[in-house]
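The values are calculated or read from the model by the stated rules, or taken from the named source; none is laboratory data. This is a predicted model, so every value here is computed, not measured. Note: ideal-geometry Cβ built from the backbone for every residue, glycine included; neighbour counts use all protein chains shown. To get the accessible areas, we keep the full protein, side chains included, count just its heavy atoms, and leave off ligands, DNA and RNA. Shrake-Rupley method; radii C 1.70, N 1.55, O 1.52, S 1.80 Å.
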Amino acid sequence: MADIPTFDMKPVHVPDEVLEKLKSIPTATVYNAVRYFGSPLCVCEGLQNYTMGRKLAARAKTLRFLPNRPDIMAENPNGPESPEYRAMGKCGPGDVLVADIASDVKTVVAGDVKLLQLKMNNADGVVIDGAIRDLDVLRDEDYDLAVYATARSLHGGPTATPAEEDVQVNIGGALVRPGDVLVGDDDGVIVVPSWMAAEVADHAIEHEEVENYIKTKIEAENVAPGTYYPPQPESFEEWRRVKKERGL
Ligand SMILES: O=C([O-])CC(=O)C(=O)O
Ligand SMILES: [Mg+2]
């Protein structure tokens, strides 16, 4: 663990270059790095990619629903100032709406009409611990959003109220704080704390390179993967040497 930096753990703005790095490798490799750096409860359990093949690495703008009750409904009337639209209004390129509805699937978080705001803002997508509807419309009308959710559903909004934006939320058992990075592919979606994102990206990219390097060795030498996997420090040293020799 000698190469784990000491983080001061304050939230930071994650730049687009780091998002691009995180998108360039499998999410499983990023997950290993986040776990290695000390945040193992980072998996948004139960969520899947409803836009198969589409990767995500974007900064979280958060929204929390709460169970309906007359007082909370009165405090959060529908309309452009509702927390859901305030949260979506903060999303632009490189951002993702992250909605916590406590896995309730009897209320959808949004469909094609509400999500028009994300489309108009060129946001990257939506991550929902709960249900979404109108996915066919999103596809047919080319919304160009990554969609990760627990379920598709027909339900409208009978059980929960969009009550708070820009707060910390629980998405499938993982903490998401505003500005954290949601990283996903068809394997699933994880949370990278903003303050470790840059280091996680570099660490995971080198890991992915070493894995690709040992795959070439396994095939060339016709040996069982266990010969080189999981990669040992010697493989990292060898890869760094090879990279230098090849001028990479
Ligand atoms: O009615 C809802 O809650 C969501 C919906 O269908 C839409 O945004 O199009
Ligand atoms: Mg609709």
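What are the residue pairs meeting all of these: first residue in the stretch 153-168, first residue assigned by TED's automatic domain parsing to the domain that holds Asn78, second residue aromatic (Phe, Trp, Tyr), Cβ atoms under 8 Å, and 6 or more apart or on different chains? Note: pairs meeting the criteria are Ala160/Phe65; Thr161/Phe65; Pro162/Phe65; Ala163/Phe65. Considering (1) touching a Gly at 6+ places or on another chain (Cβ under 9 Å); (2) on the phi > 0 side of the Ramachandran plot, the lone condition that Lys61 does not fulfil carries the number (2). Among the residues of the stretch 116-151, those identified as crowded, with 16+ Cβ neighbours inside 10 Å, within 12 Å of ligand 2 (Cβ to nearest atom) and charged (D, E, K, R) are Arg133, Asp134. The set of residues in the stretch 46-68 that are in a loop (DSSP other than H, G, I, E, B) and either out of contact with any strand residue (DSSP E or B) (no Cβ under 8 Å at 6 or more places or on another chain) or within 12 Å of Asp185 (Cα to Cα) (or both) comprises Leu47, Tyr50, Thr51, Met52, Gly53, Arg54, Lys55.
Scanning the stretch 174-195 finds no residues that are modelled with pLDDT of 95 or more, within 13 Å of ligand 1 (Cβ to nearest atom) and open to solvent by less than 50 Å² (accessible area, probe 1.4 Å). Put simply, of Val30, Val113, Val43 the only residue that is open to solvent by 10 Å² or more (accessible area, probe 1.4 Å) and in contact with a strand residue (DSSP E or B) (Cβ under 8 Å, 6 or more places away or on another chain) is Val43.
Among residues of the stretch 230-248 that are assigned by TED's automatic domain parsing to the domain that holds Asn212, those with a Cβ under 6 angstrom from a residue that is part of a helix (DSSP H, G or I) and at pLDDT 95 or above, sequence gap 6+ or separate chain, pair up as Pro231/Val210; Pro231/Ile214; Ser235/Val210; Ser235/Ile214; Phe236/Val210; Trp239/Val210; Trp239/Tyr213.
Once the stretch 69-110 is narrowed to residues that are among the charged types (D, E, K, R) and surrounded by fewer than 17 Cβ atoms within 10 Å (Cβ to Cβ), the residue that is farthest from ligand 1 (Cβ to nearest atom) is Asp71.
Applying the set (1) in the same structural domain as Pro26 (by TED's automatic domain parsing); (2) more than 16 Å from ligand 1 (Cβ to nearest atom); (3) among the β-branched types (Val, Ile, Thr) to Val210 leaves exactly one unmet item: (1).
Is it fair to say Tyr36 is more than 21 Å from Ala174 (Cα to Cα), surrounded by fewer than 24 Cβ atoms within 10 Å (Cβ to Cβ), at pLDDT 95 or above and of a type outside the set (Asp, Glu)? No; evaluated as a whole, the condition is false for this residue. Restricting the first member to the stretch 118-140 and to residues that are at positive phi, and the second to residues that are within 14 Å of ligand 2 (Cβ to nearest atom) and among the polar types (S, T, N, Q), the beta-carbon pairs closer than 8 Å and six or more apart or on different chains are Gly130/Thr107.
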